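For reference, the structure is listed below as C-alpha cells.
The values are calculated or read from the model by the stated rules, or taken from the named source; none is laboratory data. For clarity, every value in this text was computed on a predicted model and none was experimentally measured. For neighbour counting, all protein chains shown are included, and Cβ atoms are generated from backbone atoms with ideal geometry for every residue, glycine included.
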Amino acid sequence: MIAPRRFLPSISALLAFEAVARLGSATNAATELSLTQSAISRQLKTLEEQLGVVLLTRQGRQLSLTEAGQAYVVQVRDVLNRLAQASVSLRTNPAGGTLNLSILPAFGMHWLAPRLSDFARTHPEVTVNLSTRLRPYAITESRFDAAIHFGHEDWPGVNYLPLMPETVVPVCAPDLLEAPLEEARDILNYPLLHLETRPRGWARWLSALGVEADPPGGMVFDQFSTMAQAAIHGLGVALLPTFFADPYLRDGQLALASQQTTQSIGSYYLVWPGERAESAALLSFRNWLEMQAHLEK
C-alpha cells in the first residue's frame, strides 16, 4: 500500500528542495529549473509545512540545510534518481524490465534453471533475478514480483498459475537394496529420511499405496539436495520428486527403492500479488512458464 498522500510531497517541491540543497540558494535553483525565485520559495515553504519539519535555515541569500534537511535530501536524491532511471528504462524498453522471482531450491535448480536459457533467448528484454525461500512469507509485503509456491491454492492475496503436480519416488544408495521393493510396507524396515517442510511425506506416500502406518523417525533435512546426498552415502531411503531424482538415477548414484510412484501432497504454482498491476516482464514470464508447463504434460 502506498503511504497516505500527506506524506507524499509533489515532485516539483522535491526537485526545488534538492536543487537548493545542492546549489545553496533559491536564485541558483530557480535558474536551473527555469522557475522564478518566488516559485522556488513557495515550493520550499509548502514542503516544510507538509512535513512539519524545518529543512533549511536562511542566512541572507544563502540557504543551509538543517540536520533534518541533510538526512532528508539524501533520500530525496535516491528517490528522484530511481524514478528517473525507471522512466528512462520504460521509455527505451517498454516491453522489458526486471522480474524478481522467489523460488524453491529444488524446483529452481532442477526444473526451472535448465529451461531459463530458452526464456533468455526468446525474451532478452527481461532480466530475471532469482532468490530462494524455504519458509512462508507475505509476498504482498515483499520485494518479489512473483514466486514459485508448492502445496495448494492456500496463499492469500495472490493469483495462481498451476504448473504441475509433484510425483515422488523412493530412492536409496545402489548397495542398500538388492532390488526395488515389491511391497510398499517393506520400506518401513529401512531408515527413512525426512524433509522438514513435509513431515507427513512418507505417511502420505504409504497411504496412497494402501498402507496405513506411522513411519519411523529418522534424519530430518531442510532441503532435497542435502537429503539426496545423505541417501547417496547410504544413510537411508529418500522420497524425492521425480524431476529431482532422475539425474541421480541416470548416473547410478541412486537407485529405486520401490517401483511405486504416487502423486505427492501438492502441486507447483506460479503466484503473484493480486493487488498489483502485472508488469510487462511478469506477463512475458508467466506466458512462457505456462507453455513450459504444458510441454511437460
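This table checks each residue for (1) modelled with pLDDT under 90; (2) part of a loop (DSSP other than H, G, I, E, B).
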| site | (1), (2) |
| --- | --- |
| Ala71 | no, no |
| Leu83 | yes, no |
| Pro94 | yes, yes |
| Thr98 | yes, no |
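Count, please, the residues in the stretch 192-231 that happen to be touching a residue at least 24 places away in the same chain (Cβ under 8 Å) and under 30 Å from the mean Cα position of the chain (by Cα).
The total comes to 22.
Please specify each residue of the stretch 236-282 satisfying the condition of being at pLDDT 90 or above, more than 25 Å from His294 (Cβ to Cβ) and among the charged types (D, E, K, R).
Result: Asp251, single match.
Against the definition (aliphatic (A, V, I, L, M), outside any helix (DSSP H, G or I) and out of contact with any Pro (no Cβ under 9 Å at 6 or more places or on another chain)), how does Leu63 come out, yes or no?
yes
Would you tally the residues in the stretch 32-60 being touching a strand residue (DSSP E or B) at 6+ places or on another chain (Cβ under 9 Å), of a type in the set (Ser, Thr, Tyr) and part of a helix (DSSP H, G or I)?
0
Would you mind telling me which numbered condition in (1) in contact with an Asp or Glu (Cβ under 9 Å, 6 or more places away or on another chain); (2) outside any helix (DSSP H, G or I) Ala29 fails?
(2)
Look at the stretch 178-198 and say how many of its residues are under 22 Å from Pro105 (Cα atoms) and modelled with pLDDT of 90 or more.
Total meeting the criteria: 5.
So which residues in the stretch 157-181 are within 22 Å of Leu99 (Cβ to Cβ) and not aliphatic (A, V, I, L, M), if there are any at all? Talk me through it step by step, then tell me what you get.
So the first thing to find is which residues in the stretch 157-181 are within 22 Å of Leu99 (Cβ to Cβ), and the list is 157-164.
Hits for the stretch 157-181 are Gly157, Asn159, Tyr160, Pro162.
So, of the residues in the stretch 108-143 that are modelled with pLDDT of 90 or more, within 13 Å of the chain's Cα centre (by Cα) and not β-branched (Val, Ile, Thr), which turns out to be surrounded by the most Cβ atoms within 10 Å (Cβ to Cβ)?
Looking at residues that are modelled with pLDDT of 90 or more, within 13 Å of the chain's Cα centre (by Cα) and not β-branched (Val, Ile, Thr), I get Gly108.
Tally the residues that are touching a residue at least 40 places away in the same chain (Cβ under 8 Å) and part of a helix (DSSP H, G or I), restricting the search to the stretch 133-145.
2
Would you tally the residues in the stretch 146-184 being assigned to a strand (DSSP E or B), over 18 Å from the mean Cα position of the chain (by Cα) and not acidic (Asp, Glu)?
So the answer is 9.
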